[in-house]
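Worksheet: the structure to be examined is printed underneath.
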4 protein chains.
Amino acid sequence: MSHNIFGHLLRLATWGESHGPAIGCMLDGCPPGIALDGAHVQQYLDRRRPGTGRNVSPRQEPDQVRILSGVHDGHTTGTPIAMLIENVDARSADYPADAAYRPGHADRTYDEKYGRRDPRGGGRASARETAMRVAAGAVARLIIPEVRVEAEVIAIGGEEDAGRWDAMLDEARADGDSLGALVECRATGVPAGWGAPIYTKLDADLAGAMMSIPAVKGVEIGEGMNAARLRGSENADPMREGGRYDSNHAGGISGGISTGQPIVTRIAFKPTSSIRKPVASINAAGDAKEAVTRGRHDPCVGLRGAPVCEAMMALVLADHFLLHRGQCGG
Amino acid sequence: MSHNIFGHLLRLATWGESHGPAIGCMLDGCPPGIALDGAHVQQYLDRRRPGTGRNVSPRQEPDQVRILSGVHDGHTTGTPIAMLIENVDARSADYPADAAYRPGHADRTYDEKYGRRDPRGGGRASARETAMRVAAGAVARLIIPEVRVEAEVIAIGGEEDAGRWDAMLDEARADGDSLGALVECRATGVPAGWGAPIYTKLDADLAGAMMSIPAVKGVEIGEGMNAARLRGSENADPMREGGRYDSNHAGGISGGISTGQPIVTRIAFKPTSSIRKPVASINAAGDAKEAVTRGRHDPCVGLRGAPVCEAMMALVLADHFLLHRGQCGG
Amino acid sequence: MSHNIFGHLLRLATWGESHGPAIGCMLDGCPPGIALDGAHVQQYLDRRRPGTGRNVSPRQEPDQVRILSGVHDGHTTGTPIAMLIENVDARSADYPADAAYRPGHADRTYDEKYGRRDPRGGGRASARETAMRVAAGAVARLIIPEVRVEAEVIAIGGEEDAGRWDAMLDEARADGDSLGALVECRATGVPAGWGAPIYTKLDADLAGAMMSIPAVKGVEIGEGMNAARLRGSENADPMREGGRYDSNHAGGISGGISTGQPIVTRIAFKPTSSIRKPVASINAAGDAKEAVTRGRHDPCVGLRGAPVCEAMMALVLADHFLLHRGQCGG
Amino acid sequence: MSHNIFGHLLRLATWGESHGPAIGCMLDGCPPGIALDGAHVQQYLDRRRPGTGRNVSPRQEPDQVRILSGVHDGHTTGTPIAMLIENVDARSADYPADAAYRPGHADRTYDEKYGRRDPRGGGRASARETAMRVAAGAVARLIIPEVRVEAEVIAIGGEEDAGRWDAMLDEARADGDSLGALVECRATGVPAGWGAPIYTKLDADLAGAMMSIPAVKGVEIGEGMNAARLRGSENADPMREGGRYDSNHAGGISGGISTGQPIVTRIAFKPTSSIRKPVASINAAGDAKEAVTRGRHDPCVGLRGAPVCEAMMALVLADHFLLHRGQCGG
């Protein structure tokens, strides 16, 4: 795992900038013989893609995925699966080269690291790269068909009552502001035994995977941060004859290895950094310049985060399934 | 990174069981020419080691580290640094083979994964393995001498007032119970530019590293879980001429790359799972058997977690320093 | 490094089948700020591509490369460089699904490993995948501009006199046969100090890289196989004041680390396996069926091997430059 | 794989200098449930160790291995297996710090890379490190019990008639000189299907593994360098109904994947570089100083190379068995 490559036995390499000609990925290590076509991947991309509601970016990207390798006669062959999405609706004029650094974005840190960057639409640091995670996650699900991965937004701006979200989002949009969101991502059907000590623990890999998603600032497994407030007797998951657990404070992972219970994670997305409301900033030359984002952006990036969390969880679980089968024989 | 090996360019491989003859590690990729002796490492181990207070495990381990390779004439040579600690005070009689699975421990999941395990003292899954992380972290600090990494417990059992902790711990101990803890770990002196998109983001690596520590259930960067409750205008870190930031909601990382501000993480440790208070459980044969831990354990494992968090942060930062120097020339 | 991903800090991921819609790669970890455009890469592809002489395959592939990411304003940005070549002249009718396994090809072993494969043109196992190595190698050269990597065929069918090669190739072609070739690949300008013990030795990485090229069966460094026939006093490279070496039996690498002398490797390419001359074989069903290749193939695949050897050497050297800079500071 | 860590799923990390207190290794990813004790490992170390004949170094090292982790109740547990050998007979006085750089050794290149080194006995670059490869290889064999790996010296100083070797070695020793050797290493019992495209080809991994052994300068698979001299019709391995091959020019690997035939490699060891015969050299200060090795050394390092080749082949094959089982289910 390094740079833009993710995973152990199942490896995802992604590439592409927000306003370049295309974004793409290569998924290496997928087992052979799995039925796969573009339509399967497309359905997951369609759930994530922008332009599908008033609360997500109005950028119009059909996000039509093409599978360019690794599939023959409708089945995976064991060779790398390359997928590609053309960028269609890239309005680069929205991003002048002398723009203010957008607080909360990677504009400035990329400049500081690399000495240069593609400023158009956030370049590589755009949330657009997550489309390829979703595409790869769709394939990963097929490797572990008995596992069901589902994520949903469970709070917006700290409000858990979904009935109030539309009004809150309308208000934030009207204010030129944005809202954070909390996503819960769960997997059911994971058998006991996936994961590995010490640095490839299932929870460690999930935490790294989730934190790699743009805008994520916190990751919890099971009781999460709340575990720090509990007593041992409250946090224990008693076991009964037959193997059943009474509770799942552990979130389905103990000692870095799955327990067979649902795997439960919560992921905190910060509010979208690109807001119309002015924020004091500077430009690349170091001069003061207010950041006032006029491009197209989601008022709550977390709304589109749920499918990405699902994808990362599916990738981690499929990888650990393969790792476990490799070391322990399945 | 896989199994028991951690890191990209700076790689830590650790081994050893709680009650085996020794635990050890090998740190590969350390730059040459760094002054290093056992005493430097020992001071960090001494901060972590058990038997040093009433609130930590009474197991008496001198934890004397020996450096077996990679150092000549008092300096690192660029070859692997092996370190070893003999296990001295291992009372295996405390751990009968037919014991109940201890809820919250890896007893059962190791059995489910591997079909067997070393049951003595938790075997590989014991917090004892963290000693080698601390030893390696002590070396990592020397690679980035300008960086200061410090962690402290900021809450126990949800209580932030440290003046109340002793009483709470005494009470928990008297009850045969345990308490969770919240640790804050910070790094100052990290220049802007360390980290890398997309899956080797500095925050992603930190999250994975922290979540790999036994008993950790949640990791936050900067605002952490609270970011999900904020508005974009509240969460923004304005920038001023000269480059200064007005605030540090980002926790020193933006787009996966360090901003030059302090790196701030919070780590939630669950309460020690080994408690005297009986918990319903089963044994390896599947029969009901109450778990009543009589071995020596910390009433609050988080108290010993702070030095381990520091070590993991030091390892991640030193690794990213080397990665950045490799790709971008320093 | 695994499956279809190559390298340590500079990572090449390639994908694509011979007769799929396209082949491509992603080069991760390239330093920022390097001037790069498609024309630079194209010149190296043009040297390798088929259809350019009577002794190479008549398949007409323009091999026009497109750079899809990682370059902005004519310079690398530090993000992944994706490159893609459309497959144009794929005549899949040449490859019926019930064809005989071609001896010397991966037809049968892919079936045995994966249970299925893309049979068109050798699928993933086609030498066509080497085009992306050449493209990536062209970029790698720019990372180490002071290094000059050059390969040439030094023998065909055991004959070192190049004046006889055309007649030999004509004869082999007339016979429906093919010839092996020996390639020498050298790098000059590599400073002393690149490489690393023990398993990332520069020669170990070069050997692995060269042996991964289709049709390669032997790799030599310096004296190579001949070293086994020498005495220590014959094989020694004496050193003189000022640091000069009298000879270079070592081939520029000692203890896995570059000496500053030219790095010299020799690579043995077996004769093209696809020949018109019938060879006893079987098909996927296990029935006897003579293999008589009628597709378009090179009479001496080694002739096109030289640019691929150069590419692999450039990739390994650029990677080790980055590794060395990372660990030792340049 | 990097620096001093080898392998994909089965990872070997080794450490230790020739004259340090000990050498050791950690083997990560070994499956659980394999019967293992120190005696099994010791028998392989005994075959390799010095001091056992007039033609190998008279250094007296009992090479008693201790298994420090990863084994419980006589079986592997799936956790890292650490092994350690104390260095006993290290005569550091043989290696003054101002010694001439020994031509053919890594003395100078280590200095050039790292700016310093442990000069005692070659430090990390000593062939002594191969003891841990042999120890790990002994474990690897147990992962693939159906596979038999055997290596033997097939030529010394170019002479294939073993009856003449003793006289040649006596003569070389009398001259203060040394001889190269050719080793053939074979594996039988490997089923078809191990290996993986493109950069993890079984032959690519074997070539890298063999070339990482000290003193190796050439690696051949099957026909090896000779393949460059053959015609396609000569090099083809015809197949017969039932799947049998008529010949094994391929050396048991086609397209990077095992064919089910014996895997055949040949490895060229250069003559021992440490010879009593004077060779012009310089010291670390750059002054001319003849290299006259007076320490204890093997007149033909290749004689001890065979067990190391076996170990590396066993490690590569066991790793590929696990990789194949992981991706393809066994």
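Since every read-out is calculated from the coordinates, none of them should be taken as a lab result. Being a predicted model, the structure only gives us computed values, none of them experimental. Heads up, the Cβs are rebuilt from the backbone with ideal geometry, glycines too, and the neighbour counts pull from every protein chain shown.
Between copies, C:Gly33 shows label-point distances of 2.0, 5.2, 5.5 nm, shortest first, with the point placed 7 angstrom from Cα along Cα to C-beta.
What's the exposure ranking of C:Ile154, C:Ile275, going from fewest to most Cβ atoms within 10 Å?
Fewest-to-most Cβ neighbours within 10 Å comes out as C:Ile154, C:Ile275.
By the beta-carbon count within 10 Å of each Cβ, the least crowded to most crowded order of D:Cys185, D:Cys30, D:Cys309, fewest first, is D:Cys185, D:Cys30, D:Cys309. Each copy carries A:Asp166; placing its label point 7 Å along the C-beta direction from Cα gives inter-copy distances of 5.9, 8.1, 9.7 nm, listed from smallest up.
Would you mind checking C:Lys201/D:Lys113; A:Lys201/B:Lys289; D:Lys113/D:Lys270; A:Lys277/B:Lys201; D:Lys201/D:Lys270; A:Lys270/B:Lys270 for any pair whose Cα atoms are more than 21 angstrom apart? With Cα atoms farther than 21 Å apart: A:Lys201/B:Lys289; D:Lys113/D:Lys270; A:Lys277/B:Lys201; D:Lys201/D:Lys270; A:Lys270/B:Lys270. Charge dipole (Cα centre; +1 on Lys/Arg Cβ, -1 on Asp/Glu Cβ; no other charges) of chain B amounts to roughly 480 debye. Between the listed residues C:Thr188, C:Ala140, C:Met168, the Cα displaced farthest toward the positive end of the dipole of chain C, a dipole computed from Cβ unit charges relative to the Cα centre, is found at C:Ala140.
Summing Lys, Arg as +1 and Asp, Glu as -1, what charge do residues with Cβ under 10 Å from the Cβ of D:Ile85 carry, D:Ile85 excluded? That sum, taken over residues with Cβ under 10 Å, equals 0.
Taking amide H positions as modeled 1.01 Å from N, with prolines and chain starts lacking one, the residues under 5 Å from D:His72 and 5 or more places away or on another chain are D:Thr77.
Per residue of chain A, what 222 nm ellipticity follows from adding -39500 (n - 2.57) for every DSSP H run with n ≥ 4, rounded to the nearest 500? Please report the intermediate quantities before stating the final value.
Numbers: 7 runs with 81 residues, N = 330.
Dividing the helical sum by the residues of chain A leaves -7500 deg cm²/dmol.
When only the Cβ of Lys, Arg, Asp and Glu is charged (+1, +1, -1, -1), the dipole of the protein assembly as shown relative to its Cα centre reaches about 0 debye. Going by neighbour counts of Cβ atoms within 10 Å, the residues D:Leu202, C:Leu36 line up, fewest first, as C:Leu36, D:Leu202. Dipole orientation for the stretch A:257-330: of the candidates A:Leu322, A:Ser274, A:Pro307, A:Ser274 has the Cα lying most toward the positive pole (charges on Cβ; Lys, Arg +1; Asp, Glu -1). Between copies, the label points of D:Gly329, set 7 Å from Cα on the Cα→Cβ line, lie 1.7, 5.2, 5.4 nm apart, reported in increasing order to one decimal in nanometres. Restricting the trypsin sites (Lys or Arg not before Pro) of the stretch D:65-151 to loop positions (DSSP other than H, G, I, E, B) with no more than 15 neighbouring Cβ atoms within 10 Å leaves D:Arg91. What sits nearest the axis between copies B and C, counting only chain B Cβ atoms, is the residue and whole-Å distance B:Gly326, 1. Unpaired Cys in chain B, meaning no second Cys C-beta under 4.7 Å: B:Cys25, B:Cys30, B:Cys300, B:Cys328.
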